[in-house]
Amino acid sequence: MSTLRMGSKGPEVVRLQRLLHVKPADGDFGPKTAAAVRAFQKSHGLVADGVVGPATWAALEKEGEPSESGGGGGGTPPPAPSGGSGPAPKPASSITLNQLRAIYTNAPVKKLKSYLPHLNSAMTEAKINTKLRKAAFLAQVAHESAEFVYMKELGGYSYFMKMYDITGSRPDVARALGNTKKGDGARYPGRGPIQVTGKYNYRACGKALGLDLVRHPQLVEKPSVAFRASAWYWRSRGINKAADKGDFQQVTRLINGGLNGYADRVKYYNRARNVL
């Protein structure tokens with residue numbers, strides 16, 4: 001593999017972006033990709049210089065490339081649900097710190113301890129209250145936030161304006177997100193461990209939570225709101241139903257729109273099922 005850095009372009013950059021779950025994987029090594037590289041390097045004990053050389057490539061390939069197909073790539077698939085109607089799922093108790101540490105093995109204990117009450121409260125609010133629901137939710141949060149590293153989508157003002165603003169390169173996407181005024185793209189990027197994106201979703205989420213998130217979108221980065229916002233998104237999309245069936249591919253599609261990073265998500269899902 002070639003050494004990659006800011007300004008690199010091409011198929012190897014696309015592969016890098018897919019390994020790091022950078023969206024979109026457009027083959028352009030820009031600031032968003034560089035930030036993801038540095039975060040990965042730091043979390044793996046590498047020199048966080050944003051340059052992808054042999055050591056960084058080796059660490060990335062050890063993680064395994066995420067699959068974008070229904071097959072799920074290199075991850076061990078979650079066990080299939082048993083047939084029959086059976087009894088109703090048994091509610092599970094709150095997640096403990098030891099359980100969370102066993103699932104999120106790279107996150108600092110201090111951060112886990114700080115976030116745990118907000119996580120449990122949000123899951124209770126959204127009825128994420130069985131083993132299967134909790135395992136699926138924790139797996140998706142782990143992947144989307146890189147174990148609580150990110151509470152906001154990677155990127156800066158220019159990137160958000162380009163991707164999500166009515167004046168940017170994707171006005172149809174902006175309109176679908178409810179971003180109808182200039183500046184909305186930068187004001188309403190993805191926030192929270194499962195990223196709530198666009199003015200439409202900020203308004204709907206705020207209404208459900210009793211908060212004015214249109215006027216104060218930065219609140220979604222605060223743990224007390226971030227986990228509630230992610231749990232709201234989960235419940236509003238009916239994801240508990242897919243979780244109850246053990247259909248983790250469908251859970252992933254409802255979160256991601258596809259199966260990006262599926263192998264990594266499955267890794268956390270299987271781990272959570274074993275721990276809870």
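Odds and ends about this structure:
- Filter pass, ASP165 being at pLDDT 95 or above and over 27 Å from ALA243 (Cα atoms): yes
- Qualifying residue in the stretch 38-55 (condition: part of a helix (DSSP H, G or I), farther than 21 Å from LEU259 by Cα, β-branched (Val, Ile, Thr) and more than 20 Å from the chain's Cα centre (by Cα)): no
- Total residues in the stretch 175-199 satisfying the condition of being at pLDDT 95 or above and not in a loop (DSSP other than H, G, I, E, B): the figure is 6.
- Qualifying residue in the stretch 250-264 (condition: touching a helix residue (DSSP H, G or I) at 6+ places or on another chain (Cβ under 6 Å), over 23 Å from LEU97 (Cβ atoms), outside any helix (DSSP H, G or I) and not basic (Lys, Arg)): yes
- Scope the stretch 7-25; condition of a type in the set (D, E, K, R) and more than 19 Å from the chain's Cα centre (by Cα); matching residues: LYS9, GLU12
- In the stretch 7-23, the residues that are out of contact with any Gly (no Cβ under 7 Å at 6 or more places or on another chain) and over 13 Å from GLY261 (Cα atoms): GLY7, SER8, GLU12
The values are calculated or read from the model by the stated rules, or taken from the named source; none is laboratory data. Predicted, not measured: the structure shown is a model, and the values here were computed from it. Using ideal geometry, Cβ is built from the backbone for each residue, glycine included, and neighbour counts are taken over all protein chains shown.
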